[in-house]
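Worksheet: one structure, shown below.
The values are calculated or read from the model by the stated rules, or taken from the named source; none is laboratory data. Owing to the predicted nature of the structure, the values given are computational and were not obtained by experimental measurement. Note that we place each Cβ from the backbone using ideal geometry, even for glycine, and neighbour counts take in every protein chain shown.
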Amino acid sequence: MDGIVGVYGPEEKELVNMAYLATGACQHRGKASAGLAIGNGKGIYVHKGLGRIAEVIDPNILRIFTDLEPVAAIGNIGYTKRKIAEKLNTEPILIIPRKKSQYQVVVTMDGYLLKDEDLREELAPDYNLETDNKTEIIGALLHKYLAQEGISFTVGELLLERLKGRATFALVALVHDGKDTYLLTLNDLKAFEPFCYAFIDGVFVASSESCSHRRLSGQTEREYEGGEMTICSPNGVEIRRLGNEDPMPDIFQGIYFGNVASLFRGKEIFQIRRELGLELVRHYGSSKADIVIPNPESGWGVTVGLAEGLGKPLYPALIKLPQAVRTFQEGERQVRFQEVGLKFGGIDSLLKGKNIAMGDDSIVRGSVSEGGSVWVVYNAGARYIEFWISYGPMFFPSFKEWSRGPECLHELAVQRAFKNGTPYDKSLDEINKAVARLVGVDEVKYNTKENIERVAGKGSFQALDATYPIAEEFWPDWLKSEVDSFYKYR
């Protein structure tokens, strides 16, 4: 879930600073690494490293890059790809052909590629593949097709066909042909990964999220449809759709991961989350709560809707502490237990003796109970906790976790709540009660897929019903049997 940015503006003197600010606006999408690459008439130059963007791209780098008078730039905010971040896997990535080539290519991507062994084997004779980052594989394919077809939309068509059903991606690339630098963008046929663009004072800016455009005082023109490609060249900017499949955007991006001020399918993410809170109140009707509190930070939106719908006071009684670390992708349960314990602080004067309605975006593994937010609220003296969840019961793991094997399924809270049985034949009320016992609260109130779809629209609800954007031929066998069991009961 990297943040990526591409900027093209041959006459723009502030182009490097624009790329830096637009990329920095996506910092919520990752903190493991950051990088910028710029291109001019002589070639492409890359600077990247581990850490946040302000730690990696210092003022001296910005001055040097600006002095090179670039026409285009791309940026990356890296999400955690390994338990320990490695500089080798940071982006943007320079593609290195084994033989001399007319084209120099640097690429960055938000997305994921399944079962890349055959592609690595195919590309290894012609490319020095130096990382185990999926972006390098797709970048090498891009270079291969550029060498065959030149800088054209045919390149995008070939790449889409090759990756169909086995990858989701939004990518930006700098391409130097020995004379000029071009900026290319492309997304997968289903538009699974968020991707949008704008023209700001004549400068083209593509980004993972519209918050980049607002940071530059611009407005998003629109989100990319599936299989759309942009070619920015000395002749101008051309955008063309290369495929025509039904879109399948990742709904969870809007529920959990996106910036609250960004747009998702034309709607502000904060308002999506607020409306999900209102849908929960409409579905369940009543509450024992005296006050409503968020599970910060992504729980704020749904909680505003809860407070509005229930007519209860909203208080920031649970706070995220400055030393908080992001634990979403931490695989070790003991490490998650320790890190979650550092996240939160409770305000006793607001919580003591109260019945609490706490709003959150989702329950993935249920680690909130293990020394985290639930414990903090009870420890501050709360009598009763209702845990209102804007997303539904998560039966299945993200396809980006499949490489870890069946563990990524069995660690999910809903699966753990029915460890000696199956959750697939249970009613929502039974699931609510079982997960409440698991995470240590008095009540859990999950949302329904129908309510979520009413607010956020149709798309991929992979965790709720296995509507993956990946073709079944690339599914692991252990998942296929689980999905068969799910649909047997549903």
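Within region 165-182, the residues that satisfy the criterion of being assigned to a strand (DSSP E or B) and of a type outside the set (Gly, Ala, Ser) are Thr168, Phe169, Leu171, Val172, Leu174, Val175, His176, Thr181, Tyr182.
Any residue at all in region 1-18 that's part of a helix (DSSP H, G or I), more than 14 Å from Ser207 (Cβ to Cβ) and modelled with pLDDT under 95? No, region 1-18 contains no residue that is part of a helix (DSSP H, G or I), more than 14 Å from Ser207 (Cβ to Cβ) and modelled with pLDDT under 95.
For region 363-409, filtering for residues that are over 26 Å from Leu479 (Cβ atoms), part of a helix (DSSP H, G or I) and not small (Gly, Ala, Ser) leaves 6.
If you go through region 162-184 and keep only what is in contact with a Ser or Thr (Cβ under 8 Å, 6 or more places away or on another chain) and of a type in the set (D, E, K, R), you end up with just Asp180. The residues listed here are Glu209, Glu157; of these, the one that is assigned by TED's automatic domain parsing to the domain that holds His28, touching a residue at least 60 places away in the same chain (Cβ under 8 Å) and over 25 Å from Gly9 (Cα atoms) is Glu157. The numbered conditions (1) in contact (Cβ under 8 Å) with a residue 60 or more places away in the chain; (2) crowded, with 21+ Cβ neighbours inside 10 Å; (3) of a type in the set (A, V, I, L, M) are all true for Ile138 except (1). Filtering Tyr79, Tyr127 for residues that are over 26 Å from Leu15 (Cβ atoms), surrounded by 14 or more Cβ atoms within 10 Å (Cβ to Cβ) and in the same structural domain as Ala32 (by TED's automatic domain parsing) leaves a single hit, Tyr127. Residue under question is Lys433, and the condition is that it be free of Cβ contacts under 8 Å to residues at least 40 places away in the same chain, over 26 Å from the mean Cα position of the chain (by Cα) and within 17 Å of Arg490 (Cα to Cα); does it hold? The answer is no for Lys433. Arg454 falls short on exactly one of the conditions (1) charged (D, E, K, R); (2) within 25 Å of Lys81 (Cα to Cα); (3) surrounded by fewer than 23 Cβ atoms within 10 Å (Cβ to Cβ), and that condition is (2). Residues that are at pLDDT below 95, in a loop (DSSP other than H, G, I, E, B), among the hydrophobic types (A, V, I, L, M, F, W, C) and touching an Asp or Glu at 6+ places or on another chain (Cβ under 6 Å) occur in region 317-330; there is at least one. Listed by position, the strands (runs of 3 or more DSSP E) contained in region 183-258 that have at least 2 residues being closer than 29 Å to Pro70 by Cα and among the β-branched types (Val, Ile, Thr) are 203-207, 228-233, 236-241. Residue under question is Thr154, and the condition is that it be among the polar types (S, T, N, Q), modelled with pLDDT of 95 or more and within 20 Å of the chain's Cα centre (by Cα); does it hold? So Thr154 does not fit the description; no. Residue selection: Ala167 satisfies the criterion of being in the same structural domain as Tyr79 (by TED's automatic domain parsing), within 27 Å of Met248 (Cβ to Cβ) and within 21 Å of the chain's Cα centre (by Cα). Under the condition of being modelled with pLDDT under 90 and closer than 22 Å to Ile251 by Cβ, the residues counted in region 368-391 number 1.
For region 370-393, which residues satisfy the criterion of being surrounded by 23 or more Cβ atoms within 10 Å (Cβ to Cβ) and among the polar types (S, T, N, Q)? Scanning region 370-393 gives Ser373, Ser390. Answer with yes or no whether Ile272 is in the same structural domain as Glu450 (by TED's automatic domain parsing), more than 22 Å from Thr80 (Cβ to Cβ) and surrounded by fewer than 21 Cβ atoms within 10 Å (Cβ to Cβ). Criteria not met by Ile272. Only residues that are modelled with pLDDT of 95 or more and closer than 12 Å to Gly3 by Cβ were counted in region 24-62, giving 9.
Here's the yes/no breakdown for (1) under 26 Å from Val155 (Cα atoms); (2) of a type in the set (A, V, I, L, M); (3) surrounded by fewer than 22 Cβ atoms within 10 Å (Cβ to Cβ); (4) in contact (Cβ under 8 Å) with a residue 24 or more places away in the chain:
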residue: Glu225; (1), (2), (3), (4): yes, no, yes, yes
residue: Thr230; (1), (2), (3), (4): yes, no, no, yes
residue: Arg240; (1), (2), (3), (4): yes, no, yes, yes
residue: Glu245; (1), (2), (3), (4): yes, no, yes, yes
residue: Pro249; (1), (2), (3), (4): yes, no, no, yes
residue: Ser262; (1), (2), (3), (4): no, no, no, yes
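Pairing residues of region 291-308 that are within 22 Å of Ser349 (Cβ to Cβ) with residues that are of a type in the set (Phe, Trp, Tyr) and in a loop (DSSP other than H, G, I, E, B), at Cβ distances under 8 Å and at least 6 apart in sequence or on separate chains, gives Ile291/Tyr315; Val292/Tyr315; Ile293/Tyr315. Out of curiosity, is Gly35 in contact (Cβ under 8 Å) with a residue 40 or more places away in the chain, surrounded by fewer than 16 Cβ atoms within 10 Å (Cβ to Cβ) and of a type outside the set (Phe, Trp, Tyr)? Considered against the rule, which asks whether it is in contact (Cβ under 8 Å) with a residue 40 or more places away in the chain, surrounded by fewer than 16 Cβ atoms within 10 Å (Cβ to Cβ) and of a type outside the set (Phe, Trp, Tyr), Gly35 comes out as no.
Scanning region 433-469 for residues that are touching a Ser or Thr at 6+ places or on another chain (Cβ under 8 Å) and in a helix (DSSP H, G or I) yields Leu438, Val439, Ile452, Gln462, Ala463.
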